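Here is the structure we will look at.
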Amino acid sequence: MGKIKILLLILMVVISFSACEKDDICVDGDTPLMIIRFYDNDNPSELKAVPNLRIIGLGQSSTVNTIADRTSLDSVALPLRINEVNTSFIFISDSADEDDLETGNIDTLSFDYSTQEIFISRACGYIANYDDLSETITSDSENWIQNIEIVSPLIKLQDSAHVKIYH
């Protein structure tokens, strides 16, 4: 009788493990960020860091979380909205606070695009790629951004710049 119980227990364990599926682990399921490189307007082949750069999503109360706030950077990676066809950012050069007021030079950039959802796997679900990227800058009397060039209108990978900004 004891051997039958052990045999039934082993059989139940084997059946229960054979019914399980292996764990799906998502290793490549991230929506790519838009890579922007900053260049010297006078020498377009040279990278040029933006001093005390601050970037805020338009309509947001805090800075983007993909870069350190108020640092000098020559490259940034920014998230685009998946459920929209436009994302706008406030780029601030020489950002500083004086009596809780921003004293830096503020330029507003809008990026238009179409979203392509791509199924990766059950574990990863869907990611978004962006296509037909275009930009619009809000002009004012003191734009620090002189020119913008879309290098790659398709945002599928994060291994190279999608946008060049000259200042």
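The values are calculated or read from the model by the stated rules, or taken from the named source; none is laboratory data. Predicted model, so just to flag it, every value in this text is computed and none were measured. Neighbour counts run over all protein chains shown; Cβ positions are idealised from the backbone, glycine included.
Would you confirm, using the coordinates I've provided, whether Ile56 is buried (at least 18 other Cβ atoms within 10 Å of the Cβ), out of contact with any Asp or Glu (no Cβ under 9 Å at 6 or more places or on another chain), part of a strand (DSSP E or B) and without any contact (Cβ under 8 Å) to a residue 40 or more places away in the chain? Break it down into steps so the answer makes sense when it comes.
Values: buried (at least 18 other Cβ atoms within 10 Å of the Cβ): yes; out of contact with any Asp or Glu (no Cβ under 9 Å at 6 or more places or on another chain): yes; part of a strand (DSSP E or B): yes; without any contact (Cβ under 8 Å) to a residue 40 or more places away in the chain: yes.
The answer is yes for Ile56.
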Exclusive hit being outside any strand (DSSP E or B) and of a type outside the set (Asp, Glu), set Ser95, Ser114: Ser95
Residue match in the range 97-108 (condition: exposed (fewer than 13 other Cβ atoms within 10 Å of the Cβ) and within 16 Å of Ser75 (Cα to Cα)): no
Count - residues of the range 101-132 that are over 16 Å from the mean Cα position of the chain (by Cα), more than 29 Å from Pro51 (Cβ to Cβ) and at pLDDT below 95: 8
Residue in the range 133-152 that is assigned to a loop (DSSP other than H, G, I, E, B), of a type in the set (A, V, I, L, M) and at pLDDT 95 or above present: yes
Unmet requirement for Ile127, which otherwise passes all of (1) touching a Gly at 6+ places or on another chain (Cβ under 8 Å); (2) more than 30 Å from Ile25 (Cα to Cα); (3) in a strand (DSSP E or B): (2)
Residue count for the range 59-82, restricted to those that are in a loop (DSSP other than H, G, I, E, B) and either free of Cβ contacts under 8 Å to residues at least 12 places away in the same chain or surrounded by 14 or more Cβ atoms within 10 Å (Cβ to Cβ) (or both): 13
Any hit, the range 91-100, residues being among the small types (Gly, Ala, Ser), in contact (Cβ under 8 Å) with a residue 40 or more places away in the chain and in contact with a Lys or Arg (Cβ under 8 Å, 6 or more places away or on another chain): yes
Residues within the range 122-155 that are exposed (fewer than 13 other Cβ atoms within 10 Å of the Cβ), farther than 22 Å from Leu80 by Cα and either in contact (Cβ under 8 Å) with a residue 40 or more places away in the chain or of a type in the set (A, V, I, L, M, F, W, C) (or both), tallied: 2
Residue list for the range 13-46, restricted to those being under 22 Å from Leu133 (Cα atoms), at pLDDT 95 or above and either of a type in the set (Asp, Glu) or outside any loop (DSSP other than H, G, I, E, B) (or both): Met34, Ile35, Ile36, Arg37, Phe38, Tyr39
